[in-house]
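A short write-up of the structure that comes next.
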Amino acid sequence: MIAPRRKTGSLPLLVLVGALAGCTSYYEIPIETPIQPKLDTSQFQRVFVAGFVAGGNDDIDGNLETVRLLRSQLRQKGALRVVESEPLSLTTIATEQLGIELPPPTPAATSEPSTDPPAGGIREERDLEPFDKFFENAEYWKKIGEEHQGALIVTGTILFRPQTTSGFVQREQETYDEFGRRRVTPTRVYMERNGYILRPTFVFIDGRTGETLHTETFREEILYNQNTQTPALSSFFELMDRLLPSFLNSMTSQKIRGTRVLLK
Amino acid sequence: MSARVVAVALLCAVVAVPVAAEQRGEAKEQVEFGIQVAQRGLWREAIYRWERAIQLDPTYAAAFNNLAIAYEHEGELDKARGAYEKAITLEPNNALVKQNYDLFKEINDRAAKKDG
């Protein structure tokens, strides 16, 4: 139960607007607004995170890491049963199906075991464009669906690539005057920064028909000071963490909490 | 003839003021009861009360504001927008209604983005 708000100064902004509103009686109340999921998953009992065409960085296996992460999230927060079978090596399958020729991988890329060959030619957004047709191949996806009891299939592309930028950024500079008083002034400094861009496209396919139900693309980036050493995998998870709620909202309803003001 | 018209108009004016005041009074009771039940989480009952209030007094901005909040809570976002807009039309300078509407729009934009 929420007690009527009195103008005691605990919420100065509210008090101010209350005063502006002509001292009307008002009551702050918490609400939860339900947002319906984009996809109607009621016809599915299972979800199969099949795999991803991934590239952009040779330090991590974007396919395997994404599959692991999404399956884990769907197990915890989704309503559908998660199919636990080997992720598909979609870069290989797609390049063979579509006859896409990828440039050879860089030598350093062969050190880690991976579900797919090292990303090699997939370096930028445009390198993923030829793969769009792969997700439209209803016959192929229907076959995959049949192997997994007509599950909802989650697939797509993952581009996770390093980024370097340089330019002026605003920083706060701390100074002390002759009386020892601290002063913080914003200054613009030229900096070079390194980081990563994560650009996943999630494709949701009806495993019973092979048809695409929904596609969603995200883009997140993170930048560090040049002397900061952050492992690629750590940055990958940090960026994924930002967009996971939106990914999950495609399949499950979400409640957004907030407060509103009731008036008399 | 014209004297009769004037007399009828005057009579209507004299009667209308207490009737309007009475309707606002009844609407206010509905609004207050709606607030009480909303605070106990009984949002459907609150909607019923506030809908009744705007039937009684269609110029009651607070009732439209509260109704909009309840619709929001029930996920009826189109209805919520309509009720907020009506409340703002009735009281364009009410900062609290505007604040509620701005918060609502943030959520509505997110939902719209998902639909796009």
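Points worth noting:
- For a paramagnetic label modelled on B:THR59 (point 7 Å from Cα along Cα→Cβ), amide N atoms under 17 Å away belong, within the stretch B:68-96, to B:86-94.
- Partner shielding of A:249-257 amounts to 2, given as the average count of beta-carbon atoms from other chains within 10 Å of each residue beta-carbon.
- Estimated Rh, the stretch B:23-115: Kirkwood, alpha-carbon pairs, angstrom: 13.1
- Fewest-first ordering of A:HIS214, B:HIS73 by other beta carbons within 10 Å of each residue's beta carbon gives A:HIS214, B:HIS73.
- Modelled FRET efficiency - R0 25 Å, A:MET191 with A:GLN229, Cβ distances, 0.05 increments: 0.95
- The stretch B:23-115: relative contact order in percent, alpha carbon pairs under 8 Å with at least 6 residues between: 21
- Cβ-derived FRET efficiency at R0 22 Å, B:LYS105 paired with A:LYS264, nearest 0.05: 0.40
- Under 16 Å from the A:GLU124 label point (7 Å along Cα→beta-carbon), backbone N, the stretch A:39-60: A:55-57
- Taking the number of Cβ atoms within 10 Å of each Cβ as an exposure proxy, the fewest-first ranking of A:SER72, A:SER246 is A:SER72, A:SER246.
- Here the residues A:THR92, A:THR155, ranked from fewest to most Cβ neighbours within 10 Å of their Cβ, fall in the order A:THR92, A:THR155.
- The count of lysine pairs in the stretch B:23-115 whose Cα atoms are under 17 Å apart, excluding pairs fewer than 8 places apart on the same chain, comes to 6.
- In sequence order, calculated HN-Hα J values of the stretch A:240-253 (Karplus, 6.51, -1.76, 1.60; Hz; x Gly/Pro): 4, 4, 5, 9, 4, x, 5, 4, 5, 5, 5, 10, 10, 6
No value in this document is a laboratory result; all are computed from the given coordinates. As the structure is a prediction and not an experimental result, all values here were calculated from the model. Cβ: placed from backbone, ideal geometry, glycine included. Neighbour counts: every protein chain shown.
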